Every structure is written in C-alpha cells, then in structure tokens.
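Notes follow the structure.
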Amino acid sequence: MIVSIASGKGGTGKTTVAVNLALALEGAMPIRFLDCDVEEPNAHLFLHPEIERSEKVSLPVPVVDESKCNGCGKCARVCAFHAILAFSSRTIVLPELCHGCGGCALLCPQGAITESPKVIGEVETGRAGDIRFAHGRTGIGSPLAPPVVKAVREALDKEGLGAGLTIIDAPPGTSCPVVASIKGSDYCVLVTEPTPFGLNDLGLAVGLVRELGIPCGVVINRAGLGDEAVSAYCSREGIPVLLEIPYDRKYAECYAKGGRLVDDFPELRGALKGLWRKISASGESGAEGEDGRREMGEI
Amino acid sequence: MKLAVTAQGTSLSAGLDPRFGRCEHFVIIDVDTEEFEAFSNESVMASGGAGTESAQFLADKGAEAVVTGNVGPNAAMALEAAGIKVYRMSSGTVKDALEAFKSGTLEAISGPTVNSHHGMGGHGRGGR
C-alpha cells in the first residue's frame, strides 16, 4: 500500500506525521520511506538514514547541429515551454526551460537535434533501522522538481516490497511536484492546522486529491491553536479527521532538536498506530466508501 | 525597419507596458511609414517561457528592435540570438517610444534588467 502525506499549506507537519508514522510501524511490517520534497528534503534529519547509493538524475535536453539545421522552426513550434527557439540566423536552446519531452528531436526533419543528458538533481537511497529510505534533491540552479520526484518514486522499485507500506512525504502546495509525488497513492493523508491559512490551503489540497481520485483523510496538527473551522469543513465535506495532534510546546521542542516524537511521547506512538489502522481500514472498505470513511470518526 | 513596442493598448497613444514577456500587447511599427499593427500577447498567462516565446514572436514578425521596460535573463538571451536590439524606456506612449527611437536618444541594453519571473505580478513561481 502506498500512503502519501501531503498538505496545502507548508509547515503544517507533513514530515512529522510521515516520519513518526514510519517509526511507529517499524518492525511491524516492511516499510519504505520516500521523501519526495526534493526542493527541501528534511526527513533524513529525523530518520538519520545510512546512505548506500547516490545517483544523478538527468534530463535529455536538445543539442542543435547548426550545420544540419535549416531553420524550419518545427522544433520551436512544438515546444510547450519555449525552451528551443528558431530564428532566421540560428536555433538556440535554453536548457533550464526544457522539460525533456523529446518532441523537438523527434520532429526535426533534418535530424539536426540530438539529446544530451543534463544533470538536474540526485537521488540517495539507504536504510534507517528497518526502514528502506530514499530521498532526492534538485541541483542548484535546476528548478525542475517533477523528474527528480519521479526518480525518488522509482528508486526502490527494484527491491520489491510485497505486502509492505510505502510512505511518501510530499512537498507542500498543490502544483506539479505534489502531483508527481502523490499520483498513484492508495491513500493521501492531508496534514493541516486549525487556522484560516490551514483551512484555505486544505481546501485546495482536497480539490487536488479528488481530481486524482485518491481517498483522503485529515490530520489536524497543533489542535487547539486556532478555531473549529477545519473540523467543520471536514464534517461538511465528509472527510474523516483521522488524528488530532495537540498544540503543545513539548512536541515543538522535540521536533526542533530533531527528535522522534514516538520515542519521547508514548501517547503519540499509540495515536500514530491508530492513524494507520484507520488508513488501512479505509483501504479494505473500498475507495468509494464515503460512509466507511465517516464511520472512522475521530480518535 | 520594424520596431516593436511593449504596450498596454493597441494604438500609438497607448501607454508603454514596462514588462517584456508579459506585456499586454506588442505594437509593431514600420519606422519609415509609421504604419503599425497591434498584437495581443499570448504569453501573458504562461507559467514559464513567456520571455522566450515573446522573443520568438517578434522574430517571426520581422521586428529588428524592441522598446520595453525590463527584460529577464532568458528573454535577453533569446533577443540577442534573434538579433533584435533592445531599447529601454520606462514611461510614455507608443508614439513617444517611436519618436525617441527615431531621435536616437534611447538607451540600448545588452543583458537582462531583472530576474526571471519578475513580471508575474508578485505571484512568482507556484508550488511553495
């Protein structure tokens, strides 16, 4: 089963929930942890994985052989990102705009375009205790995250996992890197906080997961901090509130030190195991089980 | 020769639009006859590549120079490759830009004047 942890708003506690869910279940089942927030990976700060392998992620970008180019401009017209431009004097490539689709090379009637790999990031894989771990990082000056996310998603595929659980720590927001991270998940946990910001961005994230057809539930972090609007929204929309983590300074202190909440606070270990039971029960009752999801109620 | 001006409207009396890639319109003027044609800029809402798309558009229309406020790094590179000269002007109308271009008082620039995504109205890149 693949469970992704996402949020609309940043800083709500995605990594806290993802890491501690993994730690709470470690030993009970095979677990792999994928930190797909490749623009700012941070799960390793808590899991301290031993990195066993590091691989570059590259994108095929076009190279134009000017001696063959006749300036027909087909390449420029097919490029959705305007990364290749055909002028009467010459054809130029702007590699940082290129998404590596290969359309220009495919269409060039002169065979003037070849593709050359451009390194845009890296993926590291390893082990944190019994947890198989992978994360990625976009290179400096390489703003294109989705191909790096895809490489993280595939990094541990060769190993197989059988009946285990894959936990994906997604980036914040609702844009392409998030879609690349959560697509194909069996369940998406949306972590939010009970504030107007949290609610607004939760609404955007719910729209995204519904578009992708992924069943979802909400974790309210820093519960007690703001107002009741998030709970009211969830009940109105029929989205289960799977867990509420109280707003408490001691949790923040543990996090700030890079600590593991489930080790320091047994009540949270229990709560995160409870979170998993609700997620897996939702899977069994079927993705369409709107009533089933409501039955899960609050912790 | 053909001169392009980034504009907020479609006539010679329209105000200059200081953005290059995300200007509202391009007014392309034949400097000798003062005949002109206005085009709405299809790149205004592009998530990326607005500057390079605009440079390709001007090159396809045969413009040899452009008067605008600011150009980003990708647009500057594309305009240079296209052989389109860039002149900077911060305010006035399209007509003012034409007169200033003819009188040779405009500052020619050969590199970016702003960073990427400057013209996105404060939204910047999506995502975070």
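A few points about this structure:
- Phi angles across segment B:70-78 convert, under the Karplus curve 6.51 cos²θ - 1.76 cosθ + 1.60 with θ = phi - 60°, into 3J(HN,Hα) values of 9, 10, x, x, 5, 5, 4, 5, 5 Hz, Gly and Pro given as x.
- Per residue, the convex hull spanned by the Cα atoms of segment B:2-109 amounts to 80 cubic angstrom.
- Scoring A:9-17, A:133-141 by mean Cβ neighbours within 10 Å over their residues and listing the highest first yields A:9-17, A:133-141.
- Cross-link pairs exceeding 21 Å in C-alpha to C-alpha distance, out of A:9/A:250; A:56/A:118; A:118/B:61; A:68/B:61, comprise A:9/A:250; A:118/B:61; A:68/B:61.
- Net charge, residue B:7 excluded, C-beta distance under 9 Å - Lys, Arg +1, Asp, Glu -1: -2
- Look at where the Cα atoms of segment A:90-142 and of segment B:36-81 average out, and the two centres are 26 Å apart.
- Annotation: amide H-H contacts under 5 Å for residue A:133 (H modelled 1.01 Å from N, sequence separation of 5 or more, or interchain): A:33, A:126, A:127, A:128.
- Annotation for segment A:1-92: GluC sites (Glu not before Pro) lying in DSSP loop with at most 15 further Cβ atoms inside 10 Å of their Cβ are A:66.
- Net charge of the neighbourhood of residue A:121, taken over other residues with C-beta under 14 Å away and scored Lys/Arg +1, Asp/Glu -1, is -4.
- Summed over both chains, the contact between A and B buries some 1400 Å² of accessible surface at a probe radius of 1.4 Å.
- Residue A:264-residue B:108 FRET efficiency (beta carbon distance; Förster radius 56 Å; 0.05 resolution): 0.30
- Spin-label zone in segment A:206-233 - amide nitrogen under 14 Å from a point set 7 Å from the Cα of residue A:256 along the C-beta vector: none
- Scanning residues 5 or more positions from residue A:223 or on other chains, those with amide H under 5 Å from its amide H are A:245, A:247, with H placed 1.01 Å from N in the peptide plane.
- Cβ-defined net charge surrounding residue A:149, 13 Å radius [Lys, Arg +1; Asp, Glu -1]: -3
- Per residue of peptide B:45-54, the mean number of Cβ atoms on other chains within 10 Å of the residue Cβ is 5.
- Hydrodynamic radius by Kirkwood, which averages 1/r over all alpha carbon pairs of chain A, in angstrom: 20.7
- Per residue of chain A, the DSSP helices (runs of n ≥ 4 H) give a summed -39500 (n - 2.57) that works out to -10000 deg cm²/dmol at 222 nm.
- Surface share of carbon and sulfur [accessible, 1.4 angstrom probe, percent] for the protein assembly as shown: 51
- Think of the protein assembly as shown as a dipole: +1 on every Lys or Arg Cβ, -1 on every Asp or Glu Cβ, centred on the Cα centre; then among A:92, B:48, B:92, A:92 lies furthest on the positive end.
- Here's the picture: a label point sits 7 Å out from the Cα of residue A:280 along the beta-carbon direction, and within segment A:13-31 the residues with their amide nitrogen under 20 Å of it are A:17-31.
- Extending 7 Å from the Cα toward the beta-carbon at both residue A:77 and residue B:13 defines two label points whose distance is 3.9 nm.
- Peptide A:78-87 shows a mean partner chain C-beta count of 6 within 10 Å per residue C-beta.
- Highest-fluctuation residue, B:71, B:31, B:86 considered, GNM on chain B with Cα pairs under 10 Å: B:31
- The accessible area of residue A:97, taken with all protein chains in place and a 1.4 Å probe, comes to roughly 30 Å².
- Extending 7 Å from Cα along the Cβ direction at residue B:40 and again at residue A:140 yields two label points whose distance is 4.4 nm.
- For the segment A:168-177, counting C-beta atoms of other chains within 10 Å of every residue's C-beta and taking the mean gives 2.
- Surface analysis of segment A:1-148 yields an accessible area of 42 Å² per residue, using protein heavy atoms and a 1.4 Å probe.
- Label point at residue B:64 placed 7 Å out along Cα→Cβ; residues across segment B:2-28 whose backbone nitrogen lies under 20 Å: B:2-6, B:27-28
- Hydrodynamic analysis of segment A:1-140 uses the Kirkwood radius over alpha carbon pairs. Inserted into Stokes-Einstein at 37 °C and 0.692 mPa s, it gives a translational diffusion coefficient of 184 µm²/s.
- Under the Karplus curve 6.51 cos²θ - 1.76 cosθ + 1.60, θ = phi - 60°, whole-Hz ³J(HN,Hα) for segment A:124-135, x wherever Gly or Pro sits: 10, 10, x, 9, 10, x, 8, 8, 7, 10, 8, 8
The values are calculated or read from the model by the stated rules, or taken from the named source; none is laboratory data. Note that the structure is a prediction, hence the values are computed from the model and not measured. All Cβ positions, glycine included, derive from the backbone under ideal geometry; neighbour counts span all protein chains shown. Just the protein is used for accessible areas: all its heavy atoms, side chains included, with ligands, DNA and RNA removed. Shrake-Rupley method; radii C 1.70, N 1.55, O 1.52, S 1.80 Å.
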